[in-house]
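The structure under discussion appears below in the form of structure tokens.
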Amino acid sequence: MNKRIIAVLGCVVVAAGLWFGSAAVRANRNLVTLDVRDMEVRRVVGKMSWQTWEDIFVHREVQGKVTLNVRDMPLDQALRMVADQVGSRSSTLYPLYTQRSSFATLKKSLRGEVDPATHGWTNLVSRGPLGFGVRQIRIMSQPQQTEAKRVSLNLMERDLSFTALAFNRFAQARLVPEDSATAKANVTIRNSSVPSAVAQVAKSAGLKWAVVYALESRPAGPNLIVRGEGAEVVTTGSGAASGSRIIVVDAPRDGDRRPMLSEEHRAAMQKEREALNAELKQALPPSELAKIEQAEAEREEMRQLPPEQRRERMMPSAAEMNQMNRERILNTTPEQRAQGRGYGGPGG
């Protein structure tokens with residue numbers, strides 16, 4: 001009898017070890033396996049966080065239910081599918097901060113409990129120089145998982161705002177320095193993973209760093225700031241970040257609240273944007289710069305094509321369309337599909 005009990009207990013221990021080992025492997029690789037239907041978004045995110053051991057924060061304005069059926073899917077990809085269903089935006093963030101209390105404030109900001117612009121995390125909502133968000137000056141053509149992307153940058157005596165721009169553009173990684181982090185990066189990064197590259201920057205600047213995931217509420221749009229004589233101040237609509245505004249030079253046309261720019265301001269902004277792009281390229285080693293220039297040439301070639309040929313090149317293949325449709329069917333309820341909600345967002 002005792003031998004049977006010992007044997008059973010041994011089997012239980014082995015099974016538990018195998019299960020925990022498998023869970024640890026999935027967590028280490030940030031893989032998500034879920035099959036849920038019409039579940040509240042925070043419960044879904046909680047399950048994803050439990051599986052991957054990662055911090056995932058949901059803004060208080062993000063609401064809705066999720067249907068998801070995935071197996072061993074990378075966390076960032078699964079989180080994008082969740083975001084599409086609840087009309088939000090998924091983000092992978094690499095904050096640089098000075099102390100734990102600052103990191104705690106960032107977490108509150110991501111949950112929508114405090115305004116990051118007034119609590120030391122302006123860079124969380126900053127739209128970049130001249131009102132252009134750093135996301136708008138990327139030149140990499142295809143999105144890549146941050147875990148697989150390799151980074152090579154020369155960041156010698158560069159301030160952290162420039163460093164964040166370089167990471168965003170060349171590594172598709174959202175580096176977010178705390179406002180009080182005024183040190184400069186002084187490091188050469190050679191073919192490193194994104195987390196390793198962030199760690200090197202943090203060490204050179206004497207800062208702490210982390211990786212966090214978030215579901216953020218979608219903003220109404222990027223702020224545009226144009227200073228000039230007779231400028232008019234127009235507040236943004238619902239969904240904009242707290243305290244955001246648009247300053248325009250010319251009064252908008254009747255029925256049109258978009259800001260109007262003079263040709264002089266357009267030319268000046270274009271010139272400064274080109275100068276910033278040229279400076280960013282100086283942070284690249286020659287081999288990486290050649291890849292960037294090739295990608296730019298291919299995009300320019302695409303722009304020169306007739307509209308019909310351009311659409312044909314950009315249209316996904318039949319296999320890709322079938323896969324997208326399959327994922328949409330698996331990961332939405334009939335009610336969500338009837339409302340036009342699914343993979344790809346409203347009307348997707």
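Points worth noting:
- Segments 57-64, 287-294 sorted - mean Cβ within 10 Å per residue, highest first: 57-64, 287-294
- Taking every alpha-carbon pair in region 79-120 and binning the separations at 5 Å intervals from zero gives 5, 20, 23, 22, 15, 11, 4, 0 percent.
- Rounded, prolate or oblate (a/c below 1.5 giving rounded, otherwise prolate when a/b exceeds b/c) for region 23-121 by Cα gyration tensor: oblate
- Rounded to whole Hz, the Karplus (6.51, -1.76, 1.60) HN-Hα couplings of region 199-208, x for glycine and proline: 4, 5, 5, 4, 5, 5, 9, x, 10, 8
- Reachable lysines, given that their alpha-carbon falls under 19 Å from the alpha-carbon of residue 271 and they are not under 8 places away in the same chain: 281
- Placing +1 on the Cβ of every Lys and Arg and -1 on the Cβ of every Asp and Glu, with no other charges, gives region 37-111 a dipole of roughly 260 debye about its Cα centre.
- Backbone phi angles across region 40-49, fed through the Karplus curve with coefficients 6.51, -1.76 and 1.60 (θ = phi - 60°), yield HN-Hα couplings of 4, 4, 5, 5, 5, 4, x, 5, 5, 5 Hz in residue order; Gly and Pro are listed as x.
- Packing-based order for 86-97, 39-50, 267-278, using average beta carbon neighbours within 10 Å, highest first: 86-97, 39-50, 267-278
Just so you know, all these numbers are worked out from the coordinates, no wet-lab data involved. Small disclaimer: the values here were computed from a predicted structure and weren't measured. FYI the Cβ positions are ideal-geometry reconstructions off the backbone, even for glycines, and counts take in every protein chain you see.
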